[in-house]
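Let me begin by presenting the structure, written as structure tokens, before commenting on it.
The values are calculated or read from the model by the stated rules, or taken from the named source; none is laboratory data. Note that this is a predicted model, so its numbers are computed, not measured. Don't worry about glycine lacking a Cβ; one is built from the backbone with ideal geometry, like all the others, and counts go over all protein chains shown.
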Amino acid sequence: MTVEAVLTQYGLLKGANTDVNTGRRFLDWAEAVIQDMPQGKTVPHFDARKPLTVVFDHVSFTYPDGTAPVLNDISFTLHAGERIALVGLNGVGKTTITMLMMGLLTPNSGTITINDINIQDIPPATLRSYFAPVFQESTVFAGSVGYNVAMTRDYDEQRVRNALAEAGLTADIDKLAHGLQTELTNYIQDDGVTLSGG
């Protein structure tokens, strides 16, 4: 039984290592893109005080394994200061629009601009800094509650508590053995807590 457990854990470790290496390659690629900007081309700089306006101009996109476009000749403008909700059935392209806007996908045709600058000309790290996405897939990292909320180990405890209060989770977190310091998952700490997906 012990040998079987060791082999199982080794398989999980090997799989996790592959995932981590994929992430590292992506980060290296993003950094390389910033460093390898074409000669004479500067990194776009936006005035932080000026709101961003996003324009989709005749954008079409088909996933590599898709047989039909998810988006076909889409044009719209998200004006600075607007609050917009994209509503529709599963598979109509809501997440695809978000990922295209962030540069995580590249349109097959058409252009996407932010304040009149084509996002293809904006380095990935710079482009990502304009967004704070919360995708529908949930991931809990092997770290404390506070770390999972703030996504940094050196976090402002009061800001984390305020965020938990806004989400209505204060009472639930207070019930945990170590409060904000409670480890989520038991990958690293044996007394870690695994929360329900909901």
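Scanning the range 150-195 for residues that are in a loop (DSSP other than H, G, I, E, B) and either closer than 18 Å to Val134 by Cα or among the charged types (D, E, K, R) (or both) yields a count of 11.
Could you count how many residues in the range 51-73 are in a loop (DSSP other than H, G, I, E, B) and farther than 23 Å from Arg128 by Cβ?
From the range 51-73, those in a loop (DSSP other than H, G, I, E, B) are 51-53, 62-70; that's our starting set.
Then keep just the ones that are farther than 23 Å from Arg128 by Cβ; that gives 62, 65-69.
The qualifying residues number 6.
Annotation note: of Leu164, Leu180, Leu100, the sole residue that is modelled with pLDDT of 90 or more and in contact with a Ser or Thr (Cβ under 6 Å, 6 or more places away or on another chain) is Leu164.
Screening Tyr147 with (1) assigned to a loop (DSSP other than H, G, I, E, B); (2) touching a Leu at 6+ places or on another chain (Cβ under 9 Å) gives one miss only, at (1). Number of residues in the range 64-83 that are surrounded by 12 or more Cβ atoms within 10 Å (Cβ to Cβ) and under 22 Å from the mean Cα position of the chain (by Cα) equals 3. Looking across the range 48-85, the residues that are without any contact (Cβ under 8 Å) to a residue 12 or more places away in the chain, in the same structural domain as Leu104 (by TED's automatic domain parsing) and aliphatic (A, V, I, L, M) come down to Ala68, Ile84, Ala85.
The residues of the range 49-63 that are at pLDDT 85 or above, exposed (fewer than 14 other Cβ atoms within 10 Å of the Cβ) and out of contact with any Leu (no Cβ under 9 Å at 6 or more places or on another chain) amount to a single one, His58.
Residues in the range 96-123 that are surrounded by fewer than 17 Cβ atoms within 10 Å (Cβ to Cβ) and in a helix (DSSP H, G or I): Thr98, Met99, Gln120, Asp121.
Looking only at the range 179-198, residues that are surrounded by 13 or more Cβ atoms within 10 Å (Cβ to Cβ) and either over 15 Å from Asn148 (Cα atoms) or not β-branched (Val, Ile, Thr) (or both) come to 8 in all. Counting the residues of the range 74-95 that are in a helix (DSSP H, G or I) and of a type in the set (Val, Ile, Thr) gives 1.
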